[in-house]
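The values are calculated or read from the model by the stated rules, or taken from the named source; none is laboratory data. Just so it is clear, the model here is predicted, and its values are computed rather than measured. Cβ coordinates were reconstructed from backbone atoms using ideal geometry, including for glycine residues, and neighbour counts include every protein chain displayed. To get the accessible areas, we keep the full protein, side chains included, count just its heavy atoms, and leave off ligands, DNA and RNA. Shrake-Rupley method; radii C 1.70, N 1.55, O 1.52, S 1.80 Å.
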Amino acid sequence: MKKLIAFLAANLLLTCILLSQNNNSATVVIIGVRHTATRFVNTDSLLLVLQKVKPDLILDEMQSPSGYYTKEKELRKFRASVQLRIKLGIGKKLSPEKMVLYKYRKIEPNIIIRPFDIYIEKRNKYIRVDSRWERKFFSIINDPKCSNTFSSNQTDLFLEFVRLNNFLYDIIQKSYFDMNQPDVPDSLRKMMAVRDPFIMSIVDSVAIAGSLKPYYQKEKNFWRERNEKMASNIIDYIQEFPGKRIVILTGLLHKYFLLDLLNQSHQKDLFKIVEFYDPILEKN
C-alpha cells in the first residue's frame, strides 16, 4: 500500500512539473511582412492582427543601437522631423511594421518592444549595395546574349526560379493572411534552394558575371549568419520572457529560415510556434 501511495505521489509530482513547464511555454507568432505598404498590407491591417493576437512582447527586425532603438534596446520616440514628415505625408514613408509599433504602443502602453536583428554596420549602405548587385546580376541574365547560352540545366533552374519568384511577387501583393499560409515558407525554401546553384552556375560560366561571384559568396554566408543570429536572439528573448506571447515581425524571406532554425533548436521545449490566425490564440 505504501509503495502504491509513493507511486501515485511521484506521478502526481511529475504531472505538476509537466503542467508547470507547459504553462511557462512561450507562444511564438512569426508574421512574415513586406517592407512597403500596399492596399491590403499596411499599418492598419497589421494593427488589426496585433490587436487580435494581443502579444506581451513584439520583436522587430531591426538592430540596436539604431535610429529606432537605443543601445539598451528601447524603442526611441519619433524625432520631431519624422513626426512632421508623417503628418504632412511627405518624404520616405516608414514601413508598416515600424509604424504599427508606435500605433500599438498608444493602445497598449505596457507592450514590450525589442529589436532582434544582427548589427549591420552602415545598414542603409549595405541595403543599397545589395540592391545594386541584384540589379546587375538580373540585367545580365535577362540579356538574350547571356540567356541564349544557357545549358539545359541552367535553363531548367532559371525557369523554376522565375516560377517561384513570381509566386513570391504575387503573394506579397495580397494580405498578411495570404502571406503567412503554411505553403508559403515551403515555396520560398524551394526558391532559395534553386537560387544558389543557378547563380553559382552563371557566375562560374558567364564571363561578364564572374566579377559578381566574390560578393555573392560573401553575401550567401552572411545571409546564413544573419538568420542564425536572429534565431539566437529570439531564443534569448524567449528565455528572458518565459511563458509570454511573442510576436515576431520579419521580412517574409526570413520566415522560413527562422522557422527551420527555431524548430531545430535545443530549446524548442520552451516555446510553441503558431500562426496569427490560429484559433488556439483565442482560447488562451
> Taking segment 152-178 as the search range and keeping residues that are in contact (Cβ under 8 Å) with a residue 12 or more places away in the chain and more than 26 Å from the chain's Cα centre (by Cα), which one is most open to solvent (accessible area, probe 1.4 Å)?
Replying inline: Asn153
> With (1) assigned to a loop (DSSP other than H, G, I, E, B); (2) under 20 Å from Val28 (Cβ atoms) as the list, and Ile90 as the residue in question, which single condition is left unmet?
Replying inline: (2)
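What residue, among those in segment 90-120 that are of a type in the set (Val, Ile, Thr) and in contact with a strand residue (DSSP E or B) (Cβ under 9 Å, 6 or more places away or on another chain), is farthest from Lys71 (Cα to Cα)?
Pass one, segment 90-120, residues of a type in the set (Val, Ile, Thr): 90, 100, 107, 111-113, 118, 120.
So of that shortlist, the ones also in contact with a strand residue (DSSP E or B) (Cβ under 9 Å, 6 or more places away or on another chain) come out as 100, 111-113.
Details: Val100: 21, Ile111: 19, Ile112: 16, Ile113: 14 Å.
If we take residues in segment 90-120 being of a type in the set (Val, Ile, Thr) and in contact with a strand residue (DSSP E or B) (Cβ under 9 Å, 6 or more places away or on another chain), then Val100 is farthest from Lys71 (Cα to Cα).
If I ask for residues that are hydrophobic (A, V, I, L, M, F, W, C), farther than 22 Å from Asn142 by Cα and either open to solvent by less than 20 Å² (accessible area, probe 1.4 Å) or touching a strand residue (DSSP E or B) at 6+ places or on another chain (Cβ under 7 Å) (or both), which ones from segment 202-234 would you list? If you could, list the steps in order and put the result at the bottom.
Keep residues of segment 202-234 that are hydrophobic (A, V, I, L, M, F, W, C), which gives 202-203, 206-209, 212, 222-223, 230-231, 234.
Filter again for farther than 22 Å from Asn142 by Cα, leaving 222-223, 230-231, 234.
Residues satisfying the conditions are Met230, Ala231, Ile234.
Can Tyr277 be described as of a type in the set (Ser, Thr, Tyr), open to solvent by 50 Å² or more (accessible area, probe 1.4 Å) and assigned to a loop (DSSP other than H, G, I, E, B)?
Working: of a type in the set (Ser, Thr, Tyr): yes; open to solvent by 50 Å² or more (accessible area, probe 1.4 Å): yes; assigned to a loop (DSSP other than H, G, I, E, B): yes.
For Tyr277, the condition - of a type in the set (Ser, Thr, Tyr), open to solvent by 50 Å² or more (accessible area, probe 1.4 Å) and assigned to a loop (DSSP other than H, G, I, E, B) - is met.
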>> Can you tell me which residue is nearest to Glu225 (Cα to Cα) among those in segment 106-142 that are open to solvent by 90 Å² or more (accessible area, probe 1.4 Å) and under 20 Å from the mean Cα position of the chain (by Cα)?
In response: Tyr119
> Which of the residues that make up segment 49-73 are assigned to a loop (DSSP other than H, G, I, E, B), open to solvent by 70 Å² or more (accessible area, probe 1.4 Å) and touching a residue at least 24 places away in the same chain (Cβ under 8 Å)?
Replying inline: Lys54, Lys73
> What do you reckon, is Lys73 modelled with pLDDT of 95 or more, more than 18 Å from the chain's Cα centre (by Cα) and within 16 Å of Ser175 (Cα to Cα)?
Replying inline: no
